[in-house]
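Structure, as structure tokens:
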Amino acid sequence: MTQTPSKTSQSEALFARARTVTPGGVNSPVRAFKSVGGTPRFIREAHGAYLTDADGTRYIDYIGSWGPMILGHDHPAVREAISDALQYGTSFGAPGEREVQLAELVTRLTGAGKVRFTSSGTEATMSALRLARGFTGRKLIVKFRGNYHGHADGLLVEAGSGLMTNMDGQLGESAPSSAGVPEEYASLTLVSEYNDPAALDTLMAERGTDVAAVIFEPVVGNAGVLIPTPEFLAALHRVQAVGALLIADEVMTGFRLSLNGATGLLGLKPDLTCWGKIIGGGLPVGAYGGRSDVMDFVSPQGPVYQAGTLSGNPLAMAAGLATLRALEADAGIYDGLESYTSQLAGGLKTLAAEAGVPISVNQIGSMLTPFFVDAPHGTVRNYAQAARSDTATFGRWFQELLARGIYWAPSQFESIFVSASHTPTELDATLEAARAAFGSLKTTSLA
Ligand code: PMP
């Protein structure tokens with residue numbers, strides 16, 4: 001008798017093989033579905049708003065490769081730009097015109113004086129901090145609880161993203177979020193509370209003259225979505241008065257919330273900015289940039305060393321250029337993303353209320369998190385409030401959506417990312433699935 005393969009048998013088989021040759025079977029922790037359970041789907045292909053897994057199941061994708069795919073997967077202009085670049089070689093280890101073009105475009109769109117490309121967001125934040133220390137001659141940095149800035153040692157301190165769930169209960173005052181980070185490194189990172197202007201003012205009054213930089217997510221995605229209050233943004237700008245550099249980590253928000261990221265949307269004036277994700281259009285790129293007097297401290301112009309074998313890679317530059325050009329060319333794109341995502345937010349609130357499931361939805365532009373918690377005034381403001389979410393219920397809801405062909409972020413403490421290829425058809429299908437998913441939670445809790 002032949003057995004009908006289960007809907008996930010290919011993914012299960014790949015996951016089993018992967019676990020024998022790769023730690024946890026994945027190359028980035030959240031992909032393993034550890035906090036939601038079940039089999040991570042191994043993805044075979046992605047087009048537009050859809051992913052297809054190894055078993056041939058199609059999903060409406062709300063991850064967008066964790067942010068880069070703002071135009072949707074396999075966008076024709078991006079594909080064409082990559083195949084065009086491909087004809088001329090894949091890596092030179094010497095400068096080329098595309099790096100100049102992308103740097104010109106990024107500086108024009110963001111107002112940064114100069115920009116340096118890296119191959120990941122982690123390298124961008126790590127390098128920006130070294131630069132801030134080199135420029136100011138100071139050692140300390142300040143970050144915020146639940147913000148994630150990549151996995152450089154000094155930044156894995158009270159960090160968000162995969163660490164919010166994988167390191168359950170191990171977060172402490174200025175404590176490393178990961179094994180292998182020496183306490184001596186962690187002690188150079190001071191931690192303050194997001195959206196708490198008084199706490200930041202106090203910290204800066206006490207230690208500010210030793211602080212090289214304050215790094216922050218201008219809209220947080222990595223504790224789930226947290227939106228800054230105007231009072232907090234004002235306190236962030238006050239750190240510049242004591243000579244600390246303000247570093248906006250726009251790896252997630254850059255070119256997502258506007259052509260000039262959260263900086264443009266919220267009127268921020270950072271000294272340095274970090275980018276990643278969209279700037280590479282789905283290929284590995286990061287960047288940091290900002291004030292020219294500061295950037296001129298970077299080697300070979302200045303004394304702060306930073307380098308990369310594949311930095312400025314021609315295929316990656318081509319994908320980034322095509323993506324940013326497409327965003328700039330479509331005047332209505334950000335309004336369209338906002339409209340889709342706010343309808344999704346409204347729909348989720350209504351459906352959860354109908355099912356009697358307490359949730360608080362934070363949404364801005366094409367970023368959204370439904371926290372399974374009853375927050376004050378329906379808005380989660382900081383790490384502590386986010387951490388009170390009912391992750392078990394979120395996990396069940398996630399599985400119910402997945403079973404209905406909706407690929408949501410597999411963790412309570414992440415943003416989803418809507419793309420320009422999501423249309424009313426996908427919105428309706430998503431809300432229909434969400435109605436059933438909330439309904440099934442009700443059934444479970446009554447049982
Ligand atoms: N900063 C922020 C705000 C991020 O969201 C991320 C990745 N999610 C990073 C830095 C690190 O980027 P990468 O994963 O490309 O190293």
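Throughout, read-outs are computed from the coordinates displayed, never taken from laboratory work. Quantities reported herein were computed from a predicted structural model and do not represent experimental measurements. With ideal geometry, Cβ positions are generated from the backbone for all residues, glycine too; neighbour counts draw on all protein chains shown.
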Exercise. Among DSSP beta bridges whose residues both lie in the chain, state the antiparallel percentage, nearest 5.
Key: 60 percent
Quiz item: So who's got an amide H within less than 5 Å of the one on Gly286, skipping anything under 5 residues away but keeping other chains? H placed 1.01 Å off N, in plane.
Solution: Thr118, Ser119, Ser120
Quiz prompt | the range 76-329: antiparallel DSSP beta bridges as a percent of all, rounded to 5 | solution = 40 percent
Quiz item: When we measure straight from the Cα of Lys349, which lysines land under 23 angstrom away, once same-chain ones fewer than 8 places off are left out?
Solution: Lys442
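Could you work out the relative contact order of the chain? I mean the mean sequence separation of Cα pairs under 8 Å and 6+ apart, divided by the number of residues, in percent. Could you put the intermediate results ahead of the total?
Numbers: 908 pairs, mean separation 93.6, N = 447.
Relative contact order, the chain: 21 percent.
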Practice problem: Based on other C-beta atoms within 10 Å, arrange Thr341, Thr443, Thr379 from fewest to most. | Solution: Thr443, Thr379, Thr341
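Per the helix-only calculation at 222 nm, which mean residue ellipticity applies to the chain, given -39500 (n - 2.57) for every DSSP H run of n ≥ 4 and division by its residues, nearest 500 deg cm²/dmol? Walk me through the intermediate numbers first.
Working: 15 runs with 173 residues, N = 447.
Rounded to the nearest 500, it is -12000 deg cm²/dmol.
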Self-check item: Footprinting exposure proxy for Val30, Val418 (fewest neighbouring C-beta atoms within 10 Å first)
Solution: Val30, Val418
Quiz item: Taking the Cα atoms of the chain alone, what are Rg (to one decimal) and Dmax (as a whole number) in Å?
Solution: 21.6, 76
Exercise. Just tell me which aspartates and glutamates come within less than 14 Å, Cα to Cα, of Lys139; anything on the same chain fewer than 8 places away is out.
Key: Glu184, Asp210
Practice problem: Report, in whole Å, the centroid distance computed from the Cα atoms of the range 279-335 and the range 341-368. | Solution: 34 Å
Quiz item: With labels modelled as points extended 7 Å from the Cα through the Cβ direction, what inter-label distance (nm, one decimal) is found for Ala384 paired with Asp296?
Solution: 4.5 nm
Self-check item: the range 76-329: relative contact order in percent, alpha carbon pairs under 8 Å with at least 6 residues between
Solution: 29 percent
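Give me Rg/Rg_expected for the range 295-415, where Rg uses Cα atoms only and Rg_expected = 2.2 N^0.38 Å with N residues.
Normalised Cα radius of gyration, the range 295-415: 1.49.
Please report the antiparallel percentage of DSSP beta bridges with both residues in the range 192-301, rounded to the nearest 5. Could you put the intermediate results ahead of the total?
Details: 5 of 13 bridges.
Counting DSSP beta bridges with both partners in the range 192-301, the antiparallel share is about 40 percent.
Can you put His237, His151, His422 in order of Cβ neighbours within 10 angstrom, beginning with the fewest?
Working: His237 14, His151 21, His422 25.
With the fewest neighbours first, His237, His151, His422 line up as His237, His151, His422.
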Self-check item: Within the chain: Cβ-based charge dipole about Cα centre, in debye rounded to nearest 20 (Lys, Arg +1; Asp, Glu -1)
Solution: 440 debye
Quiz item: Three principal axis extents, largest first, for the C-alpha atoms of the range 48-118, in Å?
Solution: 44, 31, 20
Practice problem: Sequence neighbours fewer than 8 away in the same chain don't count; with that in mind, list the lysines whose C-alpha is under 22 Å from Lys7. | Solution: Lys34
Quiz item: Once Rh is set to the Kirkwood radius over Cα pairs, what Stokes-Einstein translational diffusion coefficient, in µm²/s, holds for the range 373-421 at a temperature of 20 °C and a viscosity of 1.002 mPa s?
Solution: 176 µm²/s
Quiz prompt | Relative contact order of the range 193-237, pairs being alpha-carbon contacts under 8 Å that are 6 or more residues apart, as % | solution = 54 percent
Exercise. Quick one: Debye curve from the alpha-carbon atoms of the range 76-329 only, equal weights, vacuum; give me log10 I(q)/I(0) at q = 0.14 Å⁻¹ to two decimals.
Key: -0.90
